[in-house]
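*Asks:* Have a look at this one before I ask anything.
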Amino acid sequence: MILILLGPPGAGKGTQAKKLVAKRGLSQLSTGEMLRAEVLAGTELGAHAKRLMDAGRLVPDDVITDMIAKRIEGPDQRNGIVLDGFPRTEAQAKALDEMLARHHTKLDAVIELVVDDNALIDRISGRYSCKKCGAGYHDHFEKPKQAGICDICGGAEFIRRADDNAETVKSRLQSYHAQTAPILPYYRHRGLLRQVDGMALPIEVEHQIDGILDAVSRSSVA
Ligand code: AP5
């Protein structure tokens with residue numbers, strides 16, 4: 001199964017992608033995480049990307065599609081892929097179709113997480129993650145069971161993203177509405193687009209996505 005999770009910054013794409021990895025064995029390809037890994041490794045690409053990410057602007061299409069092309073051809077994708085944060089422009093959407101066609105495969109579904117812009121600032125400004133294993137938490141919506149200790153690995157150090165501040169989030173939202181939301185009709189016309197209520201609790205969003213994916217699996221077997 002090849003699936004795209006689409007939605008504005010803070011919509012819950014990463015949260016739901018990780019659940020799909022755990023439950024369905026899908027491989028998560030997150031272009032945001034790949035770029036942050038480049039920043040951490042101190043590469044030239046990372047330095048260039050960091051300037052754009054900190055300003056809430058998109059990284060150029062050719063850089064992103066090269067990164068995805070390398071990963072999509074990797075050996076870990078046997079159970080399928082959940083794309084998180086890619087594609088974000090029409091050029092990226094078309095490049096993805098070409099990549100998949102080269103591998104004699106195609107998209108199964110595009111799921112849009114629909115969330116009010118006003119909720120996103122709160123979600124993003126409260127977000128943090130475990131420094132050791134990357135598990136995601138939120139000051140109000142998703143706290144670790146024991147305060148200050150990661151549920152997954154027991155780590156006690158947490159980090160916040162450099163671009164998770166109110167000013168950058170506004171630019172990220174503008175980029176989403178100007179460059180990413182316009183690709184929704186591209187998928188709607190092909191009958192691939194499904195919407196879920198991203199304002200619901202994470203567990204409810206998860207159930208909505210499960211319902212969609214079960215229906216997609218049934219229709220591909222029938
Ligand atoms: P990226 O890392 O992709 O960031 P994003 O799209 O802005 O999305 P986020 O990771 O901020 O949010 P999310 O939807 O994953 O939400 P999450 O699950 O964490 O990209 C960062 C930057 O990299 C971009 O700005 C750009 O510069 C560059 N970039 C990346 N990809 C690119 C591309 N393809 N082309 C060009 N440039 C690219 O949830 C957020 C918080 O809310 C969490 O704390 C979570 O616990 C909480 N939460 C989740 N679901 C719910 C819920 N249902 N109810 C309440 N709280 C919830």
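*Asks:* For the pair Asp97 and Glu167, how long in nm is the line joining their label points, each one 7 Å along Cα→Cβ?
*Replies:* Output for this residue pair reads 4.0 nm.
*Asks:* Trypsin sites (Lys or Arg not before Pro), restricted to segment 125-160: which are DSSP loop and have at most 16 other Cβ atoms within 10 Å?
*Replies:* Passing both the DSSP loop test and the Cβ count: Lys131, Lys132, Lys145, Arg160.
*Asks:* Rounded, prolate or oblate: which one fits segment 67-135, using the alpha carbon gyration tensor with axes a ≥ b ≥ c (rounded when a/c is under 1.5, else prolate when a/b beats b/c, else oblate)? Can you show the working numbers first?
*Replies:* On the way: a/c = 2.61, a/b = 1.56, b/c = 1.67.
Oblate shape, in that a/c is at least 1.5 and b/c is the bigger or equal ratio.
*Asks:* Hey, what number do you get for the chain at 222 nm if only DSSP H runs of n ≥ 4 count, each worth -39500 (n - 2.57), divided across all residues, to the nearest 500? Could the numbers behind the result be given before it?
*Replies:* On the way: 9 runs with 103 residues, N = 222.
Helix contribution divided over all residues of the chain: -14000 deg cm²/dmol.
*Asks:* If you rank Ile64, Ile72 by fewest surrounding Cβ atoms within 10 Å, what's the result?
*Replies:* Listed from fewest to most nearby Cβ atoms, that is Ile72, Ile64.
*Asks:* To continue, here is another question. Could you give each residue of segment 113-129 its phi-based ³J(HN,Hα) in whole Hz, using Karplus coefficients 6.51, -1.76, 1.60 with θ = phi - 60°, and x for Gly or Pro?
*Replies:* Going residue by residue, I get 8, 8, 9, 5, 4, 4, 6, 6, 4, 4, 4, 6, 6, x, 7, 8, 9 Hz, with x marking Gly and Pro.
*Asks:* Output the direction-averaged projected area (hull surface divided by four) of the convex hull of the alpha-carbon atoms of segment 1-40, in nm².
*Replies:* The number I arrive at for segment 1-40 is 3.2 nm².
*Asks:* Report the calculated FRET efficiency for Ile152 and His207 (r = Cβ-Cβ distance, R0 = 25 Å), to the nearest 0.05.
*Replies:* 0.70
*Asks:* Can you give the charge dipole size of segment 57-165 about its Cα centre, rounded to the nearest 20 debye, using +1 on the beta carbon of Lys and Arg and -1 on the beta carbon of Asp and Glu?
*Replies:* The dipole of segment 57-165 has a size of about 440 debye.
*Asks:* Mean-square fluctuation check for the chain, GNM, Cα pairs under 10 Å: which of Gly56, Gly134, Gly80 is largest?
*Replies:* The residue that fluctuates most here is Gly134.
*Asks:* So, one more: Between Ala69 and Lys131, what is 0.36 nm times their sequence separation minus the Cα-Cα distance? Round to one decimal in nm. Could the numbers behind the result be given before it?
*Replies:* Numbers: separation 62, 0.36 × 62 = 22.32 nm, distance 2.78 nm.
My answer for the length gained is 19.5 nm.
*Asks:* Ok, one more. Asp139 to Ala41: FRET efficiency via 1/(1 + (r/R0)^6), r the Cβ-Cβ distance, R0 35 Å, to the nearest 0.05?
*Replies:* Computed FRET efficiency for Asp139 and Ala41: 0.75.
*Asks:* Something else: Place +1 on the Cβ of every Lys and Arg and -1 on the Cβ of every Asp and Glu in segment 1-157, take the dipole about the Cα centre, and give the residue among Val21, Thr31, Ile149 whose Cα lies farthest towards its positive end.
*Replies:* Ile149
*Asks:* When 1/r is averaged over all different Cα pairs and the result inverted, which Kirkwood radius in Å belongs to the chain?
*Replies:* Details: mean 1/r = 0.0553 Å⁻¹.
Value: 18.1 Å, from the Cα pair sum.
*Asks:* Among Leu35, Leu83, Leu52, whose mean-square fluctuation peaks in a Gaussian network model of the chain (Cα, cutoff 10 Å)?
*Replies:* Leu52
*Asks:* Sort 41-49, 111-119 by the packing proxy (mean of other Cβ within 10 Å over each peptide's residues), most packed first.
*Replies:* Highest mean packing first, the order is 111-119, 41-49.
*Asks:* Which entries of Lys19/Lys145; Lys106/Lys170; Lys70/Lys131 show an alpha-carbon separation above 24 angstrom in the structure shown?
*Replies:* Lys106/Lys170; Lys70/Lys131
*Asks:* Follow-up. Percent antiparallel among DSSP beta bridges with both residues in segment 1-136, to the nearest 5?
*Replies:* Of all bridge pairs located within segment 1-136, approximately 10 percent are antiparallel.
All of the numbers you see were taken from the coordinates with simple rules; none came from a lab. All of these numbers come straight from a predicted model, not from anything done at the bench. Cβ coordinates were reconstructed from backbone atoms using ideal geometry, including for glycine residues, and neighbour counts include every protein chain displayed.
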